[in-house]
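Values quoted throughout were computed directly from the atomic coordinates according to the rules given, and no laboratory measurement underlies them. Predicted, not measured: the structure shown is a model, and the values here were computed from it. In this analysis, Cβ positions are derived from the backbone assuming ideal geometry, glycine residues included, and neighbour counts consider all displayed protein chains.
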Amino acid sequence: MSFSLFNLAFVCGIGLLGIGFYGLMVCRNLIKIVIALQILVKGALLGLVAAGNLNGQVNLGQSMALTVIVADTIVAVMGIALGVQIRRRVGTLDIRELSRLKG
Amino acid sequence: MLLLFLIIVALVFAIQAIRAQHLITSALWLAGVSALCSVLFFLYGAHLVAVIELSVGAGLVTVLFVFAISVAGDDVLEAKPVPPRFLTVGLAVLFILLLGWYVIPGSTASSASVVTNPPLSEVLWQERGLDLIVQIVLIFSGVLGLLGLLAEVKAPLDGSMAREIGARREHDLDALESQILNSQDVVK
């Protein structure tokens, strides 16, 4: 199997997805979890663009990637805002400490 | 060759973003991943997405991360993950292998079937018009949610300040009572 242009894009996309997935499992800081989520979405975006290019429908892939970028940015913004508020009210960003909260 | 180099550097940047101890360093590595991804998008012919990724992913989101880290503080948590490390690494590798096994063999360019590639404006405004409406709703809900979440909470009154305000209110009440008594005397 020769590694063509498309294979390389999918390798990079899958690699980014795996790294983001690993980050989601390992990280305990709320803001770092959002960063891991961003890396995961970058992999998905690369896969979308490469798949559009592969099928000769670059513009369809672009329009889908655009939607994902908007949704991803909103998720990042909300995650950051939640992190800031949690830090102000609870005093920590550690998800292990946050999961012990009651009430 | 350039593509391979960009891909390796992007993967290294992503690993560094996860491994970095400080949040600000992590955010900067993430900005690097975004910039490299936008170059890859450009090389794959998705020019519009490349520009938007560079301005939004590497620009706006990085600025927001830096703002949030400067407000919330850069806590260095101990690197020990909640689940055991061998389990997380094993799961991530398994995830990558399964996805690669599923995706890579089918990823060869198909030149036999001729597929029409309509212009981007037609795809965006006609074929995927619903997506655009959802995006607009998402942006508005995101802005409203951000305004609600980042609204300044009224700081709890400091002890001395609370005492000062209480004394001022008592003084005002006394003044009011004396005014009422004086007016009653005048009426009598």
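Observations
- Per-residue Karplus couplings for segment A:58-69, computed as 6.51 cos²θ - 1.76 cosθ + 1.60 with θ equal to phi - 60°, are listed in order as 4, 5, 5, x, 5, 5, 5, 4, 4, 4, 5, 4 Hz, Gly and Pro entered as x.
- Put in order of Cβ neighbour count within 10 Å, fewest first, the listed residues B:His171, B:His47 become B:His171, B:His47.
- Cα Rg, Dmax (largest Cα-Cα span) when computed across the protein assembly as shown, Å: 26.5, 109
- Sorted largest first, the spans of the alpha carbon positions of segment B:1-77 along the three principal axes are 40, 23, 10 Å.
- Exposure proxy shown here: for A:Cys12, A:Cys27, B:Cys37, the number of other Cβ atoms within 10 Å sets the order, fewest to most, as A:Cys27, A:Cys12, B:Cys37.
- Among B:Arg19, A:Arg100, a tally of other beta-carbon atoms within 10 Å of each Cβ gives an order, fewest to most, of A:Arg100, B:Arg19.
- Structural size metrics of segment A:5-96, computed from C-alpha coordinates, are Rg and Dmax of 15.7, 51 Å.
- Integer Hz, Karplus 6.51/-1.76/1.60 couplings in order for segment B:14-19, x for Gly and Pro: 5, 5, 5, 5, 7, 7
- Sum of -39500 (n - 2.57) over DSSP H runs of 4+, divided by residues of the protein assembly as shown (222 nm, nearest 500): -25000 deg cm²/dmol
- At R0 = 41 Å, FRET efficiency that the Cβ-Cβ distance of B:Tyr102 and B:Ala151 yields, to 0.05: 0.35
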